[in-house]
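Asks: Attaching a single structure in structure tokens format; questions to follow.
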Amino acid sequence: MRVLVTGGTGYIGSHTAVELIKRGNEVIIADNLSNSQENVIDKIKEITGVKPKFYLTELTNREETEKLFKENKFDAVIHFAGLKAVGESCLKPLMYYNNNLTSSIILAETMAKYGCKKLIFSSSATVYGEPERVPIKEDFPLSTTNPYGTTKLMIERIYTDLVKADPEWNVTLLRYFNPIGAHDSGLIGEKPNGIPNNLMPYIVKVAAGELYQLSVFGNDYPTHDGTGVRDYIHVTDLALGHVAALEKVAESGVHVYNLGTGTGYSVLDIVKAFEKVNGVKVPYVITNRRPGDIPECVADPTKAYEELGWKTVYGLEEMCRSSWHFLEKMREN
Ligand code: NAD
Ligand code: UFG
């Protein structure tokens, strides 16, 4: 298949591009490089032997988006592009609504115009808000606690309405849990700008001595050790979830899947595993809870297994090892 990957130089998009190419798909990447670098394209070539075509595209711009479709006939689009920092979205809500909604609408309008109606969208477990219980199934109630999450929920609804209006569309909404880790080669991974917000990139910087210590946000949650529990998923497993959705979802309609492992680990579980696997120290201090955090967020991934034949293969140790390996490789270069 010829697949347009928006946000394809980013963290999850680049790993997905690799897995798509490895299975013989033709990948075309469009990204505005607001949170990634163009040299990721060369890294993808180093891993796969194939250099994907790259467009520097601002997806909120209709002409730039249309150029992609004028020059290529796509079988499907995987839409990763978007802004994703929860804290920043609270400070700059209009920027988030404009970027994430406008790009998603223009993309779908352009797809319709050029007769491409197969779309896979990056959603998030954030659309479950504060779940009443775990593990979370796809039919749990939806709500959000921050503008970033609201953009994800709004886009899910926009695409669902689109399918209702035009049943030829085939839309898959993939709700990711907590992606971590990096490609086995160490050539691509997560490179957050500045001080990271998320746990694993923060741990990596502390272990590397670039940050002094980790703040563990609260140890009084109703979890096995009091610290927050999440469903961490290796980014390559997540990428393979997209490949499965692309290959298996044949019927038109809206299809929703959780992409997670089904296992929850606490903050301290992650710190201990990271220290053990990589032989490094991660000094930490317990601080107050982070506003907006929930105690536990764990997927029930049964639907993705039953319908897509997809399940995760990487364990916690491999996730910790590959996150560190990526940093070591970056330091070599
Ligand atoms: P990322 O920031 O690494 O990748 C997103 C890419 O989109 C970046 O390369 C950025 O430059 C590009 N982009 C942003 N706005 C654009 C625009 N208007 N036009 C063109 N390109 C644009 O993020 P990621 O972690 O790879 O996330 C990919 C998707 O998955 C995002 O939609 C994110 O919201 C979603 N998601 C991520 C997580 C996570 O924890 N990483 C969890 C759930 C959902
Ligand atoms: N945490 C710390 N210290 C830190 C960073 C995080 O203790 O410095 C804790 C948090 O309190 C939480 C856990 O580590 O218990 C995970 O936090 P992250 O910030 O890594 O991830 P979140 O679960 O808060 O959110 C992430 C993405 C969201 C996405 C969500 C579900 O940031 O965009 O996963 O996919 F919606």
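The values are calculated or read from the model by the stated rules, or taken from the named source; none is laboratory data. All values reported here derive from a predicted model rather than from experimental measurement. In this analysis, Cβ positions are derived from the backbone assuming ideal geometry, glycine residues included, and neighbour counts consider all displayed protein chains.
Asks: Hey, does the stretch 274-286 have a residue that's touching a Cys at 6+ places or on another chain (Cβ under 9 Å), crowded, with 18+ Cβ neighbours inside 10 Å and either in a helix (DSSP H, G or I) or of a type in the set (A, V, I, L, M) (or both)?
Replies: yes
Asks: Looking at T227, is it more than 12 Å from ligand 2 (Cβ to nearest atom) and of a type in the set (S, T, Y)?
Replies: no
Asks: Here's another thing I want to ask about it. Could you run through the stretch 297-316 and say how many residues are of a type in the set (D, E) and touching a Gly at 6+ places or on another chain (Cβ under 6 Å)?
Replies: Counting residues in the stretch 297-316 that are of a type in the set (D, E) and touching a Gly at 6+ places or on another chain (Cβ under 6 Å) gives 0.
Asks: I need the full set of residues from the stretch 310-320 which are out of contact with any Phe, Trp or Tyr (no Cβ under 9 Å at 6 or more places or on another chain) and surrounded by 19 or more Cβ atoms within 10 Å (Cβ to Cβ), in order please.
Replies: Within the stretch 310-320, T312, Y314 meet the criteria.
Asks: Sticking with this one: Evaluate the following for A125: is it on the phi < 0 side of the Ramachandran plot, at pLDDT 95 or above, more than 16 Å from ligand 2 (Cβ to nearest atom) and among the aliphatic types (A, V, I, L, M)?
Replies: no
Asks: If you don't mind, another one. Given the criteria part of a helix (DSSP H, G or I), in contact with a Lys or Arg (Cβ under 8 Å, 6 or more places away or on another chain) and of a type in the set (A, V, I, L, M, F, W, C), does V243 qualify?
Replies: It is true that V243 is part of a helix (DSSP H, G or I), in contact with a Lys or Arg (Cβ under 8 Å, 6 or more places away or on another chain) and of a type in the set (A, V, I, L, M, F, W, C).
Asks: Just to be sure before I move on: is K137 surrounded by fewer than 17 Cβ atoms within 10 Å (Cβ to Cβ), touching a strand residue (DSSP E or B) at 6+ places or on another chain (Cβ under 8 Å) and not hydroxyl-bearing (S, T, Y) in the structure I sent?
Replies: Answer is yes for this residue.
Asks: Can you spot a residue in the stretch 23-41 that is under 18 Å from the mean Cα position of the chain (by Cα), closer than 19 Å to F69 by Cβ and acidic (D, E)?
Replies: So far as the stretch 23-41 goes, yes, one or more of its residues are under 18 Å from the mean Cα position of the chain (by Cα), closer than 19 Å to F69 by Cβ and acidic (D, E).
Asks: On to the next question. Of everything in the stretch 26-45, what is surrounded by fewer than 24 Cβ atoms within 10 Å (Cβ to Cβ) and touching a strand residue (DSSP E or B) at 6+ places or on another chain (Cβ under 6 Å)? Give them in sequence order.
Replies: Those that are surrounded by fewer than 24 Cβ atoms within 10 Å (Cβ to Cβ) and touching a strand residue (DSSP E or B) at 6+ places or on another chain (Cβ under 6 Å): E26, I28, I41.
Asks: Which of the residues spanning the stretch 287-309 are surrounded by 14 or more Cβ atoms within 10 Å (Cβ to Cβ) and in contact with a helix residue (DSSP H, G or I) (Cβ under 8 Å, 6 or more places away or on another chain)?
Replies: Passing the criteria: C297, A299, A304, E307, L308.
Asks: Okay, next question. What are the pairs with Cβ atoms under 6 angstrom where one residue, in the stretch 140-163, is within 15 Å of M95 (Cα to Cα) and within 16 Å of ligand 1 (Cβ to nearest atom) and the other, located anywhere, is assigned to a strand (DSSP E or B) and of a type outside the set (A, V, I, L, M, F, W, C)? Sequence gap at least six, or different chains.
Replies: Pairs found: K152/S123; K152/S124.
Asks: Among T6, T48, which is the only one that is crowded, with 16+ Cβ neighbours inside 10 Å, more than 17 Å from the chain's Cα centre (by Cα) and of a type in the set (S, T, Y)?
Replies: T48
Asks: Within the stretch 199-212, which residues are surrounded by fewer than 16 Cβ atoms within 10 Å (Cβ to Cβ) and of a type outside the set (D, E, K, R)?
Replies: A208, G209, Y212
Asks: Those residues that are crowded, with 21+ Cβ neighbours inside 10 Å and among the hydrophobic types (A, V, I, L, M, F, W, C), I need them from the stretch 75-102; list them, please.
Replies: Listed by number, the residues that qualify are A76, V77, I78, F80, A81.
Asks: I'd like to check something: does the stretch 26-34 contain any residue that is touching a residue at least 40 places away in the same chain (Cβ under 8 Å) and closer than 17 Å to D237 by Cα?
Replies: Among the residues of the stretch 26-34, not one is touching a residue at least 40 places away in the same chain (Cβ under 8 Å) and closer than 17 Å to D237 by Cα, which makes the answer no.
Asks: Also: Taking the condition of being in a loop (DSSP other than H, G, I, E, B) and under 19 Å from I12 (Cα atoms), how many residues in the stretch 195-224 meet it?
Replies: 3
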